[in-house]
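S.K.: Here it is, the structure, as structure tokens.
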């Protein structure tokens, strides 16, 4: 019985997420035929791309046994930095906006990593503090006022198309692909899983756990920065309030996709499927005219269900 329970839980983690997405799409399509139109499906992918990039960074953090609550606020700081560099009166090249946003994000991520790995703060406390500090910085940097009048070249970054698909989809796909290669085929990827699976064992095997954690949080911060740049381009302004509660969507996508909150288990593919599930739920509810408040309730239920399945899978392993 224990073996069957373990196999059932593992089967769900490997294939259940995909079938959950398929069933959800079928339900939405039957409820509203407009759901399956080409334009709407593209819109789902576009809307999910911002959350998706954040979720990829969050995946690396969760796999290592940590958590990052600051990604939404770091996104806002990067958004302001990118917008500041690309106003029409300054007119810096687009690459400068990317450098500014990525640098700001990576800096906050490294600060998180150092605080957690070297000073000893709990990930929840450290990143909660960074969440508050980063949001405050975004607000005071322009006295709580948005930055408008961005260059057309910069606005085109997130609002252009290639081969009929919005550019945001390509940014998400590229980010997910790179992260998949990193976690699946590199030594550093093995270190991430080792640190999240058993930190003490990782230390004894010669892995520099502290350095790995700093790098992971730095990458997550850089991806938050990238998302901030893309968001500034997408909304054609730098808004200091952007990204609020985005960390919750990123975490939700990860746990729905089978990433263990305890670390050491899950995959980028699962996270991508989790992002799509959230996107389908949000879009389907919008088409059906269901309030966003009910969407939040639905997300909460799905998160609890996903975490429960993970707990059952781990319990089954321990009893074998």
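The values are calculated or read from the model by the stated rules, or taken from the named source; none is laboratory data. The model shown is predicted, which means the values in this text are computed figures rather than measured ones. Backbone-built Cβ (ideal geometry, glycine too); neighbour counts: all protein chains shown.
S.K.: Within the range 132-143, identify whether any single residue is surrounded by fewer than 17 Cβ atoms within 10 Å (Cβ to Cβ) and within 28 Å of residue 212 (Cα to Cα), and answer yes or no.
M.R.: yes
S.K.: Here's something else I'd like to know. Out of the range 82-92, which residues are at pLDDT below 95 and either under 27 Å from the mean Cα position of the chain (by Cα) or under 17 Å from residue 223 (Cα atoms) (or both)?
M.R.: none
S.K.: To continue, here is another question. For the condition in contact with a helix residue (DSSP H, G or I) (Cβ under 9 Å, 6 or more places away or on another chain) and either modelled with pLDDT of 85 or more or more than 16 Å from residue 51 (Cα to Cα) (or both), what is the one hit in 268, 303, 311?
M.R.: Within the list 268, 303, 311, the selection yields 268.
S.K.: Of the numbered conditions (1) surrounded by fewer than 24 Cβ atoms within 10 Å (Cβ to Cβ); (2) modelled with pLDDT of 95 or more; (3) part of a helix (DSSP H, G or I), residue 47 fails exactly one; give the number of that condition.
M.R.: Tallying (1) surrounded by fewer than 24 Cβ atoms within 10 Å (Cβ to Cβ); (2) modelled with pLDDT of 95 or more; (3) part of a helix (DSSP H, G or I), residue 47 fails exactly one: (2).
S.K.: Could you identify the single residue in 110, 95 that is modelled with pLDDT of 95 or more, surrounded by fewer than 24 Cβ atoms within 10 Å (Cβ to Cβ), more than 25 Å from residue 258 (Cα to Cα) and out of contact with any helix residue (DSSP H, G or I) (no Cβ under 9 Å at 6 or more places or on another chain)?
M.R.: 95
S.K.: Identify the residue in the range 143-201 that is in contact with a strand residue (DSSP E or B) (Cβ under 9 Å, 6 or more places away or on another chain), without any contact (Cβ under 8 Å) to a residue 40 or more places away in the chain and assigned to a helix (DSSP H, G or I) and, among all such residues, is farthest from residue 238 (Cα to Cα).
M.R.: Ranking the candidates gives 170 first.
S.K.: Then there is this: Among the residues of the range 68-92, what is the count of those that are surrounded by fewer than 24 Cβ atoms within 10 Å (Cβ to Cβ) and touching a residue at least 24 places away in the same chain (Cβ under 8 Å)?
M.R.: 6
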